[in-house]
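The values are calculated or read from the model by the stated rules, or taken from the named source; none is laboratory data. Computed from a predicted structure; not experimentally measured. So basically every Cβ, Gly included, is an ideal-geometry build from the backbone, and we count neighbours across all protein chains shown. We work out accessible area using only protein heavy atoms, side chains counted, and drop any ligands, DNA or RNA first. Shrake-Rupley method; radii C 1.70, N 1.55, O 1.52, S 1.80 Å.
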Amino acid sequence: MANDASTVFDLVILGGGSGGYAAALRGAQLGLDVALIEKDKVGGTCLHRGCIPTKALLHAGEIADQARESEQFGVKATFEGIDIAGVHKYKDGVISGLYKGLQGLVASRKVTYIEGEGRLSSPTSVDVNGQRIQGRHVLLATGSVPKSLPGLEIDGNRIISSDHALVLDRVPKSAIILGGGVIGVEFASAWKSFGTDVTIVEGLKHLVPVEDENSSKLLERAFRKRGIKFNLGTFFQKAEYTQDGVKVTLADGKEFEAEILLVAIGRGPSRRASATRSRASRRTAATSWSTSTCARTSPPSPPSATSSRRSSSRTSASPRASWWRSVWPA
Ligand SMILES: Cc1cc2nc3c(=O)[nH]c(=O)nc-3n(C[C@H](O)[C@H](O)[C@H](O)COP(=O)(O)OP(=O)(O)OC[C@H]3O[C@@H](n4cnc5c(N)ncnc54)[C@H](O)[C@@H]3O)c2cc1C
């Protein structure tokens, strides 16, 4: 393992999602010398597989609904259908514009961006691409991946996660969405607007059960009005393949069938990331932070004159940064 002891960053961040890159930008703004390590694309889940693509789908769905309902506003328009390839092109265009903006922002703040899969090797170092990256502090921001239930295997075809749903090359005729949390209801809304017959299965008493009850009730009323079906208060028992789809059975014996089952029951750390974390947690202590566990502890101390190789101009917020914050508050 190459170990360039002369390069000691103030802050080494593992994972370039919204947690990691926001910390990198803020660290750089405060004058820290920051290394950001990302194995995929800076922006992480939110930009590439989460907030942004789902909002693009929801917007496309809204346009479809407006075309359907245009007559009531005195506008002559006809809704002819969804061109899913066109929807993806629009969605990918939104992502790529923001991705370019973010790459530019990271570069303009002179954050050292390292592409590769990193592994915490000590409380103050991360190994990546055969190199040991040393830091006075290490921040773990490796994020999460879609979760499933024991015995419910996501095959990416008929039983899918939100990652698959975002790149699905067709509008399913019917869909069961397992989980009525924020991710589940967003897909329910977008797919309904695209013409899918949607049923949400939620084990707790309300849709978006972690929100206040009034919001849940408003959403349930709106969904009923739109013909989005939901079954509340009974937990999932099993899923089986049928000839052309999936059958879901609930704990009370109720059954639902659809072309596709979207598993949207939440997210958890990836096996690899959690293994990295648990091994690391045995060894790490005060010098390492994790966005999930220690983000509320005190920030790193300001860089000393010797540890910082940064110029003071890098600490001021650029107009581009303000623009970015207004688009996407970190
Ligand atoms: C469908 C969907 C819709 C969502 N909608 C919203 C929304 O509207 N609003 C909202 O606030 N939130 C939303 N979220 C949640 C939001 O995306 C997450 O809260 C956010 O992305 C978490 O950021 P993070 O930086 O912790 O993790 P992530 O964004 O997951 O980033 C972690 C990064 O670490 C990288 N990584 C992991 N392990 C390593 C390693 N060993 N080496 C190098 N890199 C590594 C990964 O490649 C990834 O880029 C949504 C999520 C989903 C799935």
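See the values below:
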read-out: Potential extension, Asp40-Thr249 segment - 0.36 nm per residue separation minus Cα distance; value: 71.6 nm
read-out: Net length gained if the chain between Lys173 and Ala107 were fully extended (0.36 nm per residue, minus Cα distance); value: 19.4 nm
read-out: Dipole magnitude of segment 125-245 about its Cα centre (Cβ charges: Lys, Arg +1; Asp, Glu -1), debye to nearest 20; value: 300 debye
read-out: Per-residue SASA entry for Tyr113, accessible area with 1.4 Å probe, Å² rounded to 10; value: 80 Å²
read-out: Accessible surface, segment 131-283, averaged per residue in Å² (probe 1.4 Å); value: 50 Å²
read-out: Residue-normalised accessible area of segment 1-116, given per residue in Å² at a 1.4 Å probe; value: 47 Å²
read-out: Packing rank of 143-150, 249-256, 173-180, 192-199, where each peptide gets the mean count of other beta carbons within 10 Å, highest leading; value: 173-180, 192-199, 143-150, 249-256
read-out: Potential lengthening between Leu152 and Lys225 on full extension [0.36 nm per residue; Cα-Cα distance subtracted]; value: 23.2 nm
read-out: Proximal lysines to Lys91, defined as alpha-carbon separation beneath 20 angstrom and excluding residues fewer than eight positions away on the same chain; value: Lys41, Lys55, Lys100, Lys192
read-out: FRET efficiency, Asp83 to Ser215 (Cβ-Cβ, R0 45 Å, nearest 0.05); value: 0.85
